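Asks: The structure follows.
The values are calculated or read from the model by the stated rules, or taken from the named source; none is laboratory data. Keep in mind it's a predicted model, so treat the numbers as computed, not measured. All Cβ positions, even for glycine, are placed from backbone atoms using ideal geometry, and neighbour counts span all protein chains on display. To get the accessible areas, we keep the full protein, side chains included, count just its heavy atoms, and leave off ligands, DNA and RNA. Shrake-Rupley method; radii C 1.70, N 1.55, O 1.52, S 1.80 Å.
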Amino acid sequence: MRSGSLLPFRTAQAEEEPVPARAAPAPDGVSEFARPATTTATTTTTTAAGPACSRDDQCPVDTICEQGVCRSFERAFNLLLFRKEGASLDFIPFYWSRRGNPGHRVLAPFYWHFWSPESRVQIVFPFYWRIEDHLKQRVVTVVGLYSHTRQPDARSWAVWPFFYTSTKFGWAAPLLGSFSVGDPDKGRALGLLGFLYFWKRSPDRKFDVSPLFVSWRSKESAFTYALPLNFYWRSGDESTLLIVPVGIRHATPKGGYFGSWLGYSSVDGENKTGAFFWLYWFGRSKNYNYDVGFPLLWSFRSPESNTTIIPPVFHIRRGAWSMGSAALLAWWGRDRDKGSNWQLILPFFLGSRADHGKKALYLSPLGGYRRDDNAGSHGLTWLLPPILRWHDRQSELDSYVLLYWRYRDIPADATTTIVGTTTSVLIQPEPRGRFFHCSGISTIAHKRRLHTASCPSIFTAILQMNAPPQPASSRCGATAAGSPTAAAARGSSPLSSPDSAVSAVT
């Protein structure tokens, strides 16, 4: 066996036999095993001993390349601690070797060398380590405390145990108890910070632990505990957070609830309820809402009705009808269907409107007002100063400070006016018209007949139209043929015709 036929650090694929002319060196940073193999144009021939070869991997199984020819293995030979069998040579316990592919050479405990088509490991313990993975095109070199890793998509450096850094896989500071490393291609990572917080990640799971909490999570479920008594767990789409003794929160796809010493809230689809400080309560839904601020606010609402109480005010609605009050002194109400509303302020004011504003009434201690558009009437009464007005389709009455009075009969077109102690009556139907005046001693003119009467007050006047002749002088209150009494005796009314009497009695 010649030493030139097998070099100690040679591999079947990554190492070439010396050739007269070598290819140009590969660019810096490219692994030597990544270079395209340069082959020497040789012609394989077969001799009597076996096929011609230049390396072991060119020989058939169970043969090795010796002196350019593939030869069969020798027979096993054992002598005490020495053993030789084919391509293997062992001297127990210091030396082991095997020629061929794969093969190895070990001089324990200082030198270790293993090679195969897939990888190569070379160790000079404890100073030098070199590990090559031909399939992944990765080379790891360790010289003392320094290490370097090279592969097509990443570079890594380290001075152990001080630091580690990589262009792809993370970093580490072992003496500080901190690192963050992972494999981005597989979505995996783990890390440690200050010996206190450890975490681990994978595509389907997450894990965290520290002296303050522990947590693990996945797509299906999760659990977390944190000091002093904080718990979180999840199963599917439902999750729960418990903080003892603060409160609890539960979440579902449609809502959830939260409860604590200060109140609670709950959500179930469109329905919401809750309370703050256990004094304010609320509820929301599609058809019903409420708010209660105990003891000052009470409000219950729906599309058909509501009740609201904010002492001293309350308001009630039922359909189109509503009513309210403030301190039981102010009251109001409304009916939208009937078009009516009213207001009451005790004891100062009462007002109402009806028939969509066609009727109105207003009252106060000083007077009032009334209007009816359907009847065509309206009236005003005022006490300070005294004012009285009333108009409708049949008559009109006006009075001011009790010194002026005016009454009009619209169908008869007759008007009576009293100013101070003077009374005037004007009846218009006849062409000439008729005028009567009474003031103290009355003078009455009627169809060329003159009548006088003593009127002791402005409210005493007796007028008779078309009556028989009367004495020229009489008291205004005396009974005559034309008096109301006489008219009653004849079965007729004093106002039965345009010529009937117009009377005023004290």
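Asks: Can you tell me which of 106, 121 is surrounded by fewer than 17 Cβ atoms within 10 Å (Cβ to Cβ), of a type outside the set (Phe, Trp, Tyr) and assigned to a strand (DSSP E or B)?
Replies: Answer to the selection: 121.
Asks: Quick check on my filter: what residues within the stretch 167-196 are touching a Gly at 6+ places or on another chain (Cβ under 8 Å) and assigned to a strand (DSSP E or B)?
Replies: 170, 178, 179, 180, 181, 182, 188, 189, 190, 191, 192, 193
Asks: Mind listing just one residue for me: the one in the stretch 280-305 that is of a type in the set (A, V, I, L, M, F, W, C) and not in a strand (DSSP E or B) and, of those, nearest to residue 261 (Cα to Cα)?
Replies: 294
Asks: Is it the case that residue 308 is among the polar types (S, T, N, Q) and open to solvent by 30 Å² or more (accessible area, probe 1.4 Å)?
Replies: Answer is yes for this residue.
Asks: From the set of residues in the stretch 207-219 that are buried (at least 16 other Cβ atoms within 10 Å of the Cβ) and under 16 Å from residue 235 (Cβ atoms), which is nearest to the chain's Cα centre (by Cα)?
Replies: Across the stretch 207-219, the extreme among qualifying residues is 217.
Asks: Is there a residue being modelled with pLDDT under 95 and within 20 Å of residue 340 (Cα to Cα) anywhere in the stretch 289-304?
Replies: yes
Asks: Going by what's in this entry, would residue 83 be described as touching an Asp or Glu at 6+ places or on another chain (Cβ under 9 Å) and open to solvent by 70 Å² or more (accessible area, probe 1.4 Å)?
Replies: Yes: the conditions hold for residue 83.
Asks: Taking the stretch 257-307, which residues are small (Gly, Ala, Ser) and in contact with an Asp or Glu (Cβ under 7 Å, 6 or more places away or on another chain)?
Replies: 285, 299
Asks: Here's a follow-up. Taking only the stretch 226-262 into account, find how many residues are within 20 Å of the chain's Cα centre (by Cα) and either closer than 18 Å to residue 283 by Cα or not in a strand (DSSP E or B) (or both).
Replies: Matching residues across the stretch 226-262 total 8.
So that you can scan it fast, the table gives a plain yes or no per residue for (1) over 23 Å from residue 275 (Cα atoms); (2) among the acidic types (Asp, Glu); (3) touching a Phe, Trp or Tyr at 6+ places or on another chain (Cβ under 8 Å):
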site	(1), (2), (3)
287	no, no, no
290	no, no, yes
298	no, no, no
304	yes, yes, no
315	yes, no, no
334	yes, no, yes
338	yes, no, no
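Asks: I've got another one for you. For a quick check of your reading: which strands (runs of 3 or more DSSP E) sit entirely within the stretch 306-408 and have at least 3 residues that are over 30 Å from residue 283 (Cβ atoms) and of a type in the set (Ser, Thr, Tyr)?
Replies: Correct list: 395-400.
Asks: Residues that are open to solvent by 90 Å² or more (accessible area, probe 1.4 Å) and over 30 Å from residue 206 (Cβ atoms): does the stretch 294-302 have at least one?
Replies: yes
Asks: Can you work out which of the residues in the stretch 263-279 that are open to solvent by 70 Å² or more (accessible area, probe 1.4 Å) and either outside any loop (DSSP other than H, G, I, E, B) or modelled with pLDDT of 95 or more (or both) is farthest from residue 225 (Cα to Cα)?
Replies: 271
Asks: Residue 260 - would you say it is of a type in the set (Ser, Thr, Tyr), surrounded by 13 or more Cβ atoms within 10 Å (Cβ to Cβ) and more than 30 Å from residue 336 (Cα to Cα)?
Replies: Criteria met by residue 260.
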